[in-house]
Amino acid sequence: MNQGRDVDYWINVGEKMLADRQRRIHRAKKWKFDTIAVHGLYDYSQALEQNSASIMEPVYLSTAQAYHDSAEMEAGLSYQMPNWCYSRIANPSNYFLEETTALLESYGTDLEASCLSTASGMSAIRTATDPFLVKDDSLPPMNIVSSAKIYGGTFQQFSIRRFQEQGIEVRWVTDPTNHDEWSSKINEGTRFVYGEFPSNPSVSIFDIEEVAKLAHDHEIPLIVDSTCASPALTRPLEFGADIAIQSATKVISTNGTSIVGLLTAKKDIMSKVGCDEMREDFATWVKLWPFRDNGPALHPMAAILTLNDMRTLRSRLDQMSQTAMAVSEYLENHIKVDRVYYPGLKSYPNHDLAKKYMKLVDSDRNMYSFMILAEIKEDREGDSTNTLKFYDDLQMIWRATDLGRVKTVATPCAISTHQQQGEEGRALAGISSNAVRISVGMENVDDIIEDLDQAFDAI
């Protein structure tokens, strides 16, 4: 039945598939952000030819792909034609999410980018950084340069897994807005530079363009976790970053159904190590090689649930940001609050820098996302009595460690997200014992403020 079909035949089929994909990318690049988020690359041709005419991207729950013959299998598994073969490596549902994310992260630019989805934000960070930490005797001993104002889990991954267990030096930048501090930490042994924009939970930011230039002067990549901005507000690749990380568990998948990580890399990144193929298309290379071997694969159901939430990302960030602005102003004026950190406040130390980088896509409006850090007034320094009284009396706002939800969530950081890194680590990250992170959701702003107000009565 398949007589005459050899490997070259299937390679030719693969070339046609790639050409069709480029056609769809070229078309999508002309669309606005919301249209890309709704449609991605999925169109009539995929629906009619591959998916029983379904207008929505289907969930492929199968673990493996079947092949027409041995020649197609050989071409596919030698990566000479597009295929997905096995869900540990790839899956059509995951492709739908990855293709859409790559378009959103590179939106408004001429950049080409590719994306890899993973089973969590932490696995996305590990997957993004592993390839730069390989042995190379021609280079000095390796080190990582990272902002200290990062998520507690990331701090642990770098300080415990990388430094204590692997002996890779981590050089912490305590003030990420200080250009000279970044510059003083980077040397010939630095393999990558890392930062969060804005950071979780201290909402600290840094000048992405300037730090990217520093990294590139040393021929190394800048990796930016922009989970708390999302591509609806800030797209690090546009400003020179090489790789953007999203814990899509958060505001991208705002309904709270899935744990998801996204790694998006522009083409032709900077790196002192690795092969040419890695630099040319980092996310695809990672998918085909180390990701395949390490196996941090995302479940396809989670991919589609996340994709469905992503379709309304811009409108949600608009509402959540407006509500967070009002809540932050309320907190700043409250007698029982010492200090509020929110990029939209004029009192925020780097408000002008936030205005440069945080803007609702396809608008001329600055928006500053959903996360607020409030320090509750205590009777003495280092105490948390009032903080926990306030926290324990919240009624509508959820007491949890989650963020980016449609529901407002509050978290006392010192005993939760940053507990394991200890006092020294919290001091590096700027996390005090009276700090409460508030992730503003989609409720009416009056109801959020009313619940905060009644909780302050407990103090």
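When you go through (1) over 24 Å from Gln454 (Cα atoms); (2) surrounded by 15 or more Cβ atoms within 10 Å (Cβ to Cβ) one by one for Asp362, which number turns out not to apply?
Asp362 satisfies all of (1) over 24 Å from Gln454 (Cα atoms); (2) surrounded by 15 or more Cβ atoms within 10 Å (Cβ to Cβ) except (2).
With respect to Tyr95, determine if the residue is on the phi > 0 side of the Ramachandran plot and either in contact (Cβ under 8 Å) with a residue 40 or more places away in the chain or in the same structural domain as Trp285 (by TED's automatic domain parsing) (or both).
no
For region 265-283, indicate whether the set of residues that are touching a Ser or Thr at 6+ places or on another chain (Cβ under 6 Å) and within 25 Å of Ser204 (Cα to Cα) is non-empty.
No - not one qualifying residue is present in region 265-283.
Given the criteria within 20 Å of the chain's Cα centre (by Cα) and either in the same structural domain as His216 (by TED's automatic domain parsing) or within 14 Å of Asn94 (Cβ to Cβ) (or both), does Val273 qualify?
Taking the combined requirement at face value, the residue does not satisfy it.
Results for (1) surrounded by 14 or more Cβ atoms within 10 Å (Cβ to Cβ); (2) touching a Phe, Trp or Tyr at 6+ places or on another chain (Cβ under 8 Å); (3) under 15 Å from Ala229 (Cβ atoms), shown as yes or no for each residue.
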| site | (1), (2), (3) |
| --- | --- |
| Lys356 | yes, no, yes |
| Asn366 | yes, no, yes |
| Ser369 | yes, no, yes |
| Ile372 | yes, yes, yes |
| Asp379 | no, no, no |
| Asp383 | no, no, no |
| Thr387 | yes, no, no |
| Asp392 | no, no, no |
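Among the residues of region 39-75, count how many are surrounded by 15 or more Cβ atoms within 10 Å (Cβ to Cβ) and in a helix (DSSP H, G or I).
8
Please state which of the following conditions Ala455 fails to meet, knowing it meets all the rest: (1) at pLDDT 95 or above; (2) surrounded by fewer than 16 Cβ atoms within 10 Å (Cβ to Cβ).
(2)
Taking Thr249 as the residue in question, decide whether it is modelled with pLDDT of 95 or more and not in a loop (DSSP other than H, G, I, E, B).
Taking the combined requirement at face value, the residue does not satisfy it.
Within region 98-146, how many residues are under 13 Å from the mean Cα position of the chain (by Cα) and either among the hydroxyl-bearing types (Ser, Thr, Tyr) or modelled with pLDDT under 95 (or both)?
Of the residues in that region, 6 qualify.
Checking the conditions here, which among Val170, Val203 is in contact with a Leu (Cβ under 7 Å, 6 or more places away or on another chain) and either within 29 Å of Asp34 (Cα to Cα) or surrounded by fewer than 24 Cβ atoms within 10 Å (Cβ to Cβ) (or both)?
Val203
With Gly240, Gly195, Gly153 as the choices, which residue is modelled with pLDDT under 95, touching a helix residue (DSSP H, G or I) at 6+ places or on another chain (Cβ under 8 Å) and not assigned by TED's automatic domain parsing to the domain that holds Asp318?
Result of the check over Gly240, Gly195, Gly153: Gly153.
Taking the condition of being part of a loop (DSSP other than H, G, I, E, B), of a type in the set (A, V, I, L, M) and closer than 13 Å to Leu116 by Cβ, how many residues in region 76-99 meet it?
Final tally of qualifying residues: 2.
Scan region 91-102 for residues that are among the aliphatic types (A, V, I, L, M) and surrounded by fewer than 23 Cβ atoms within 10 Å (Cβ to Cβ) and report the count.
The qualifying residues number 0.
Can you work out which of the residues in region 216-240 that are of a type in the set (A, V, I, L, M, F, W, C), out of contact with any Lys or Arg (no Cβ under 7 Å at 6 or more places or on another chain) and not in a loop (DSSP other than H, G, I, E, B) is surrounded by the fewest Cβ atoms within 10 Å (Cβ to Cβ)?
Phe239
For region 270-325, enumerate the residues that are closer than 30 Å to Gly189 by Cα, among the acidic types (Asp, Glu), touching a residue at least 12 places away in the same chain (Cβ under 8 Å) and in a helix (DSSP H, G or I).
Glu280
Applying the selection to region 216-229, what residues are out of contact with any Pro (no Cβ under 8 Å at 6 or more places or on another chain) and either within 14 Å of Ala124 (Cβ to Cβ) or in the same structural domain as Thr408 (by TED's automatic domain parsing) (or both)?
Ile223, Asp225, Thr227
Residue by residue, here is whether (1) touching a residue at least 40 places away in the same chain (Cβ under 8 Å); (2) part of a strand (DSSP E or B) holds:
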{"residue": "Ile144", "(1), (2)": "yes, yes"}
{"residue": "Thr154", "(1), (2)": "yes, no"}
{"residue": "Gln164", "(1), (2)": "no, no"}
{"residue": "Ser184", "(1), (2)": "no, no"}
{"residue": "Leu214", "(1), (2)": "no, no"}
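The values are calculated or read from the model by the stated rules, or taken from the named source; none is laboratory data. Predicted model only: the values in this text are computed from it and were never measured. All Cβ positions, glycine included, derive from the backbone under ideal geometry; neighbour counts span all protein chains shown.
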